[in-house]
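Heads up: the structure comes next, in structure tokens.
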Amino acid sequence: MAERTTIQVEFSPGLRRLIHQGPRPVVHGAIARAFDRENEYTIGAAVRDRMSFPRTMPSTPEGLRVQTGRLRRSLTRSAARIISDGVVSAIGSNVKYFGVHEFGFEGRQTVPEHRRRLPDRFIIPGGMIVNRATAKAAGLLTMKGAARKGMADAMPERYVLVRAHERNANFPARQMVRKTVLARVPAYEAAVAAELQTALS
């Protein structure tokens, strides 16, 4: 089941007066256009400010470190829908673990059986085997991480089978999207006001 959270934005008194001036279909259409555009900006801001911390830095409650980039690419918006009493707009992801990081999770978690790749190893002349960190420090690897010809050879990849098991999990709610939306409330309000002034004129 998909997890959801609702964010209620309180518009300023001046904007509320502007909203009440026009016919409901015109007003709702203007709000929908503004939210569609601002949601795109919100996705960009969330990815830039809360989902792009370096992989090498420690974990932070402010957002996520980049692992593969899959979650960042998956973030999308649904087109705003006009309903009887307003406009519904949403941002989300079809990646399962998005909800875990956005909303948090604490409890027992089942880990399915999977293969885990072991660290890379290199063999150097004389038969000594070294790990990647040692090979890099010794200058045996190129800038792209490949073994330098005649100096080292990459050994075959190794994997271990991790059997299915359960574990206790406690993921904090990092709220990458929610925090970004709340930070951008003034931008949403300005966009709605501009769309309304254009529509009502």
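Observations on the model:
- Charging the Cβ of each Asp and Glu at -1 and of each Lys and Arg at +1, and nothing else, the dipole of segment 1-69 about its Cα centre rounds to 100 debye.
- Alpha-carbon centroids, segment 40-111 and segment 125-201: separation in whole Å: 14
- Here segment 112-184 exposes an accessible surface that is 55 percent carbon and sulfur, computed with a 1.4 Å probe and the other protein chains kept in place.
- Using the 1.4 Å probe convention, the accessible area of segment 1-120 works out to 68 Å² per residue with neighbouring protein chains retained.
- Shown for the chain are the DSSP H helices of 20 Å or more along their axis, judged by Cα atoms, with a mean Kyte-Doolittle hydropathy of at least 0.0: 185-200.
- The chain, helix-only ellipticity at 222 nm - DSSP H runs n ≥ 4, -39,500 (n - 2.57), divided by all residues, nearest 500: -11500 deg cm²/dmol
- Gyration tensor over the Cα atoms of the chain: the corresponding equivalent ellipsoid has semi-axes (square roots of 5 times the eigenvalues, largest first) of 50, 20, 13 Å.
- For segment 114-201, the dipole from Cβ point charges (+1 on Lys and Arg, -1 on Asp and Glu) about the Cα centre works out to 500 debye, to the nearest 20.
- Fraction of beta bridges assigned by DSSP in the chain that are antiparallel (%, nearest 5): 95
- Residue-level accessible surface for Lys179, protein heavy atoms, 1.4 Å, Å²: 60
- Net charge, Ile43 excluded, C-beta distance under 14 Å - Lys, Arg +1, Asp, Glu -1: +4
- Projected onto planes of every orientation and averaged, the convex hull of the alpha-carbon atoms in segment 1-63 covers 6.9 nm².
- Charge sum, other residues only, whose C-beta stays under 15 Å from Ala137's C-beta, Lys/Arg counted +1 and Asp/Glu -1: +3
- The alpha-carbon positions of segment 105-201 define a convex hull whose volume is 247 Å³ per residue.
- Short to long, the 10 Å bins of the Cα pair-distance histogram for segment 1-106 hold 12, 37, 28, 17, 5, 0 percent of all pairs.
- Orientation-averaged projected area, Cα convex hull of segment 52-122 (nm²): 8.4
The values are calculated or read from the model by the stated rules, or taken from the named source; none is laboratory data. If you're wondering where the values come from, they're calculated on a predicted model, not measured in any experiment. As a convention, Cβ positions derive from the backbone with ideal geometry for all residues, glycine included, and neighbour counts pool all protein chains shown. Keep in mind that these areas ignore ligands, DNA and RNA; they rest on the heavy atoms of the full protein, side chains included. Shrake-Rupley method; radii C 1.70, N 1.55, O 1.52, S 1.80 Å.
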